[in-house]
Amino acid sequence: MNVFLARHGRPLISITILVLLFTYFISIHPRGLTLGVVTAWSNQGTALALLAVGQTIVVMSRGIDLSIGPILALSNCVASHLVDGTPAEIALGVVAVVLVGTACGTLNGLVVVFGRLQAIIATLATGAIFSGLALIVRPIPGGSIDAAFADVMTWTVADTIPAAFLVIAGSALIWYPIRKTRTGRTIVAAGSLENAAYASGLPVRRAKVLAYALSGFFASLGGLYIGFQTLSGDPSIGLSYTLNSIAAVVIGGTALTGGVGYVIGSIAGALILRTIGSLIFFNGIDPLAQPFFEGMVLLSAVAFGSLRLLRITHRLEMFK
Amino acid sequence: MSDVSVTKARPKLPVDGPTLANILAILALLVIGGLQYPQFFSPTYLAQQLQTGAFLGIVSAGAMLVILLGHIDLSVPWTMTAGATVATAVVGSDPQPWISETGLLAGLLVGATIGLVNGIGVAILRIPSMIWTLATNNVILGVLVYFSGYYARASQPSTLMTWFGTGRTAGLPNILIAWAVVSLVVLFVLRRTTYGRNIYMVGTSEVTAYLTRLPARGVIVASFVFAGLCSAFAGMLLAGYAGQSYQRMGDPYLLPGIAAVVLGGTSLFGGRGNYSGTVAGAILITLLASVLSIMQAPEALKQIAYGVVIIVMVGFYSLRDTRS
C-alpha cells in the first residue's frame, strides 16, 4: 500500500480533487447528471488535456515547451483550411494538420538537442515563429471545418459515452506503449540524470527529440479539437494555452525538475482548471472572479508542493 | 588566488563577446534600414527608438538580476499593469498634486510587495520560480480584473508620470534618462557591492553559497523585489507615455524582456552575464521591430524574424561556449 501511494500518491490527489469538484459541479447544475451535461463538460477540457499530456512528456525529459500554445494555434489555423469537403479530403486534412504539429515539435527537439539552446529560450523563439506562421495561414479568425465530422467528435459514441472521453483516453493510451520502448524510457531517464543515461549508452538525443515531437503531436490534436468546437481557426489563442498547460502539469503532481511525470495526473489537472470555470458560472459568482479563483487554485497547488520542507531531515535536502 | 577569480568574473573590457555581437547586429540593422530610408540616421529617429526601447530596457534590468540567480520572473505583465493601475487609481481618487503624486509611491509599493511574495515563494518555500511567479501573475490578474473589470477605473496618469513618459530634459526624453539611471544603479550594484557579487555566487551554486554562509535567501528575495520594482516603474512610465493605464498593458514586455537578457549573453542557468549585454539586447529587439515596421512588414513576419534572431544569436553563443 505504501509503495503504491509513494508511486501514485501525487496524481491520486489531483484525481480525487477532480472527482470532488465534478460531483459538486453536477450537484449544482440545473440539469444534473445527464449525458449532455457530461459531454459539454468533457468537450471544454479536451484541448487543454491533450496539451497537458504533451507538456508532461517534455517536462519528464527535464525540458519545457513554451511553443505548445503557438503550435496549437498554428494547427487550428491549418485545420480551418484543410479539414472540410469530402470524407477523403477531411481525412487528408487531419493527417496534414497532425504532420504540421509533429514537424513543429521535431524542430523544437532539433534546436534543443543540436543547437544546444536551453529549452525555455529555444521554444520561446520557435513559439514566436509558429505564431507568425499561424498569422500568415489565417490573418484573422475564420475559415471552416466540416460540421458533420465536428459533430461526431464533440458528441457521443452510440449515445453512451462522450467522444471527448475517448479522445482523452486515447492520448494516454498512445503514451503508455511509447513509454515502454527503449527511447520512451530514455525520455524519463534523461530527465532524471542526463549524463548517466548518456554514459549508459541510452539514445538520449533521439529521446529528447521524440519528447518534443510528441508534444507537437498532442498540440496539433488540441488545435484540431478546438476547431471541432468552434468550426473555425484563430491565430491568437496560443499564449494562454501555453501557461495553462504548465499549470495543468503542476496541478497534476508532476515536478518541473524532470525524471518523473504523471500523464493521468496532468489530464486531471487540465479538467480541474476547466471545471473551476464552469463552477463559477453555475454558482452565479461574478465571471470576473474566475481568473482570481484559477490563480488561487494554481497558487495553492504549487504551495502544497513545499510541504516536503517539513519532512527534510538534513538542510542540504532543501536544495534538491 | 582571489585576484584570479575577480578578473574572471569581472572582465576588464566593458564590451564582451555577446555585447559585441549585439552591437554588430544593431549596426547591420541601421545600415539595412538606412539604405532604404535615409532619415534612419537622424538623431530624432534614433532618440525616438531609444525612447520606445526604454520600457523594455527597464523591465529587462529587473529580469536580469533574477535570471543571474538562475530563476525567472513570469509575473512581469501583471506587475506592470498593477503598478500602473494602482498609481492611476490614486491619481483618480484626488487630483490634488500632493495626493496624486503619491500614486507613484503606491505603484512602487505594489511592485515591491509582489516581488517580496515572489521571492518568499522561491527562496523560502522552495517552489520553482517559473511556476510560482506564473501563479502570482494569475492571482494579480484575478485581483485586478475582479476589482476593476476589463477596463481600469481611473486611468489618467499624474503630472509627474506624464512628465516622465513624454517630457524632455535638455533635448533628451525623460524616460531615456530614467532608463540610464536604472542602468547605472544596476551596474553599480552588480560590480561594486557585496550584494552584487553574491548574486553571481548564488546563481553559480546556491548550495555552495549557503555552505559558505552567504545570505542566499536574502539575495534571492532582494532580487525579486528589485525586479518587481522595475516592472511597476516601467508600467507607470508606460501609463505616462500612453496617457492612460489599461489592462494587458504589460503583456508585450514579458517574453521580449527575457529575450533581451538572453541575447545579451546572460545564461538562464544563472551565474554568468554582463549588464552591458542586456542594454544592447533591449536596443536590438526594439530596433528590429522598428526596421520591420518601417519596411511595412506584416506582424507575422515580425514574429518570425524575432524568433529566428534569437535562435541564431543564442545558438551562436552556445556553440562558442562548447568550443572554448
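The values are calculated or read from the model by the stated rules, or taken from the named source; none is laboratory data. Nothing here was measured: the structure is a model prediction, and the numbers come from that model. Methodologically, a virtual Cβ is constructed for each residue, glycine included, from the backbone with ideal geometry; neighbour enumeration extends over all protein chains shown.
Within the range B:66-86, if we keep just the residues that are closer than 30 Å to B:GLN156 by Cβ and not in a helix (DSSP H, G or I), the residue that is modelled with the lowest pLDDT turns out to be B:LEU74. The set of residues in the range B:272-304 being over 18 Å from the mean Cα position of the chain (by Cα) and either within 14 Å of chain A (Cβ to nearest Cβ) or on the phi > 0 side of the Ramachandran plot (or both) consists of B:LEU292, B:GLN296, B:ALA297, B:PRO298, B:GLU299, B:ALA300, B:LEU301, B:LYS302, B:GLN303, B:ILE304. Going by the conditions given, is B:LEU254 in contact (Cβ under 8 Å) with a residue 12 or more places away in the chain and within 14 Å of chain A (Cβ to nearest Cβ)? Here the answer is yes, as B:LEU254 does meet what is asked. Restrict the check to the range A:172-185 and report whether at least one residue is modelled with pLDDT of 90 or more and within 14 Å of chain B (Cβ to nearest Cβ). Looking for residues that are modelled with pLDDT of 90 or more and within 14 Å of chain B (Cβ to nearest Cβ), one finds none in the range A:172-185, hence no.
For every residue, the table says whether it meets (1) in contact with a strand residue (DSSP E or B) (Cβ under 9 Å, 6 or more places away or on another chain); (2) over 19 Å from A:ILE26 (Cα atoms); (3) part of a helix (DSSP H, G or I); (4) in contact (Cβ under 8 Å) with a residue 40 or more places away in the chain.
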{"residue": "A:LEU256", "(1), (2), (3), (4)": "no, yes, no, yes"}
{"residue": "A:ALA268", "(1), (2), (3), (4)": "no, no, yes, yes"}
{"residue": "A:LEU279", "(1), (2), (3), (4)": "no, no, yes, yes"}
{"residue": "A:PRO291", "(1), (2), (3), (4)": "no, yes, yes, no"}
{"residue": "A:VAL297", "(1), (2), (3), (4)": "no, yes, yes, yes"}
{"residue": "A:THR313", "(1), (2), (3), (4)": "no, yes, no, no"}
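Name the single residue that is modelled with the lowest pLDDT among those in the range B:271-316 being polar (S, T, N, Q) and in a loop (DSSP other than H, G, I, E, B). Per the stated criteria, the residue is B:GLN296.
Here B:LEU141, B:LEU108 are screened, and the one residue that is under 18 Å from A:GLY295 (Cα atoms), out of contact with any Lys or Arg (no Cβ under 8 Å at 6 or more places or on another chain) and in contact (Cβ under 8 Å) with a residue 12 or more places away in the chain is B:LEU141.
Step by step: first the residues of the range A:105-121, then only those that are more than 7 Å from chain B (Cβ to nearest Cβ) and under 23 Å from B:ASP73 (Cβ atoms), then the one that is surrounded by the most Cβ atoms within 10 Å (Cβ to Cβ). Which residue is that? Here the residue is A:VAL112.
In the range A:125-139, the qualifying residues are those that are surrounded by fewer than 24 Cβ atoms within 10 Å (Cβ to Cβ) and among the hydrophobic types (A, V, I, L, M, F, W, C), and the one that is farthest from the other protein chains (Cβ to nearest Cβ) is A:VAL137. Given the condition more than 23 Å from A:ALA49 (Cβ to Cβ), not in a helix (DSSP H, G or I) and not hydrophobic (A, V, I, L, M, F, W, C), answer yes or no: does some residue in the range A:160-179 qualify? Within the range A:160-179, not a single residue is more than 23 Å from A:ALA49 (Cβ to Cβ), not in a helix (DSSP H, G or I) and not hydrophobic (A, V, I, L, M, F, W, C).
Considering each residue of the range B:243-258 in turn, at least one proves to be within 30 Å of B:SER148 (Cβ to Cβ), in a loop (DSSP other than H, G, I, E, B) and aromatic (Phe, Trp, Tyr). Looking only at residues of the range B:137-163 that are surrounded by 24 or more Cβ atoms within 10 Å (Cβ to Cβ) and not aliphatic (A, V, I, L, M), we find that the one that is farthest from the other protein chains (Cβ to nearest Cβ) is B:SER158. Before we move on, is A:SER240 more than 14 Å from chain B (Cβ to nearest Cβ), in contact with a Gly (Cβ under 8 Å, 6 or more places away or on another chain) and in contact (Cβ under 8 Å) with a residue 60 or more places away in the chain? No: the conditions fail for A:SER240. Of all residues in the range A:26-73, those satisfying the criterion of being of a type in the set (Val, Ile, Thr) and touching a strand residue (DSSP E or B) at 6+ places or on another chain (Cβ under 8 Å) are A:VAL38, A:THR39. The C-beta contact set for the range A:28-39 (first residue surrounded by 16 or more Cβ atoms within 10 Å (Cβ to Cβ), second residue charged (D, E, K, R), distance under 6 angstrom, 6+ apart or interchain) comprises A:VAL37/A:ARG31. For the range B:309-324, the set of residues classified as more than 7 Å from chain A (Cβ to nearest Cβ), closer than 19 Å to B:PRO256 by Cα and free of Cβ contacts under 8 Å to residues at least 40 places away in the same chain consists of B:VAL312 only.
For the range A:95-104, the count of residues that are touching a Gly at 6+ places or on another chain (Cβ under 6 Å), within 11 Å of another protein chain (Cβ to nearest Cβ) and not charged (D, E, K, R) is zero. Condition check for B:TRP98 on (1) surrounded by 24 or more Cβ atoms within 10 Å (Cβ to Cβ); (2) in a helix (DSSP H, G or I): one failure, at (1).
Within the range B:187-218, the set of residues being within 14 Å of chain A (Cβ to nearest Cβ) and surrounded by 24 or more Cβ atoms within 10 Å (Cβ to Cβ) comprises B:VAL202, B:GLY203. Screening B:VAL15 with (1) at pLDDT below 80; (2) in a helix (DSSP H, G or I); (3) surrounded by 14 or more Cβ atoms within 10 Å (Cβ to Cβ) gives one miss only, at (2).
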